[in-house]
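Visitor: So that we are looking at the same thing, I have put the structure below in structure tokens.
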Amino acid sequence: MGRKTGIALLILAGVMLFGSLRSSASFAAPATIAAVLITVVLPAAGGAMLLWGGGRRRSQRMEELRQRTIDAEILRLAQREGGRLTASEVAVALALSPEAAKAALDALMSRDFADLAVSDGGVLVYVFHEKGTLGDKQSARGLLDG
């Protein structure tokens, strides 16, 4: 919607500029300058801002949604794999580059979803906290239930 509005404002500014140029009004008069600012400059600036800013916000929202989806898939994979994952497992399972998989795992670790461990062979393993306690879910009771 912002893109269409931005284009409409730019078209309006162009039409108003064309009309202003064809008029017999003196461009030195303060009233003409004010009219051109209101009818041409403001719509053009607003349209440009909508086109420039709207695309950036949309791509930012898409990137956030993409990252949330990756995070959810990693957590689902961790649950399936017993709460322990390597970056290469995530890369293969989610069709990510090894760097992107490591970055996603590091982000989850920084948000305290996992810790980092090292296997006897020197492989970095991300250990997810919740996996070990998911079996306790069925025995959960209210906080005030003794």
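The values are calculated or read from the model by the stated rules, or taken from the named source; none is laboratory data. Here the structure is a predicted model, which means the values were calculated and not measured. Using ideal geometry, Cβ is built from the backbone for each residue, glycine included, and neighbour counts are taken over all protein chains shown.
Visitor: In the stretch 34-44, what residues are among the hydrophobic types (A, V, I, L, M, F, W, C) and surrounded by 13 or more Cβ atoms within 10 Å (Cβ to Cβ)?
Guide: The answer is A35, V36, V40, V41, L42, A44.
Visitor: Hey, another quick one. Return the residues of the stretch 96-124 that are β-branched (V, I, T) and either at pLDDT 95 or above or surrounded by fewer than 11 Cβ atoms within 10 Å (Cβ to Cβ) (or both); say none if nothing qualifies.
Guide: Matches in the stretch 96-124: V118 only.
Visitor: For G6, indicate whether it is closer than 30 Å to R111 by Cβ, within 23 Å of the chain's Cα centre (by Cα), in a helix (DSSP H, G or I) and not β-branched (V, I, T).
Guide: Spelling it out, it is not the case that G6 is closer than 30 Å to R111 by Cβ, within 23 Å of the chain's Cα centre (by Cα), in a helix (DSSP H, G or I) and not β-branched (V, I, T).
Visitor: Could you look through the stretch 24-35, keep only residues that are touching a helix residue (DSSP H, G or I) at 6+ places or on another chain (Cβ under 8 Å) and not in a helix (DSSP H, G or I), and pick out the one that is farthest from L9 (Cα to Cα)?
Guide: Step by step, filter the stretch 24-35, then rank; the result is S26.
Visitor: Being surrounded by 13 or more Cβ atoms within 10 Å (Cβ to Cβ) and either small (G, A, S) or over 21 Å from L50 (Cβ atoms) (or both) is the filter here; which residues of the stretch 13-24 pass it?
Guide: Scanning the stretch 13-24 gives A13, G14, S20.
Visitor: Could you tell me which numbered condition L85 fails, if it satisfies all but one of (1) closer than 23 Å to K4 by Cα; (2) touching a Phe, Trp or Tyr at 6+ places or on another chain (Cβ under 6 Å)?
Guide: (1)
Visitor: Please go through the stretch 67-85 and give me each residue that is within 17 Å of S97 (Cα to Cα) and surrounded by 15 or more Cβ atoms within 10 Å (Cβ to Cβ), ordered by number.
Guide: I70, D71, E73, I74, L77, L85
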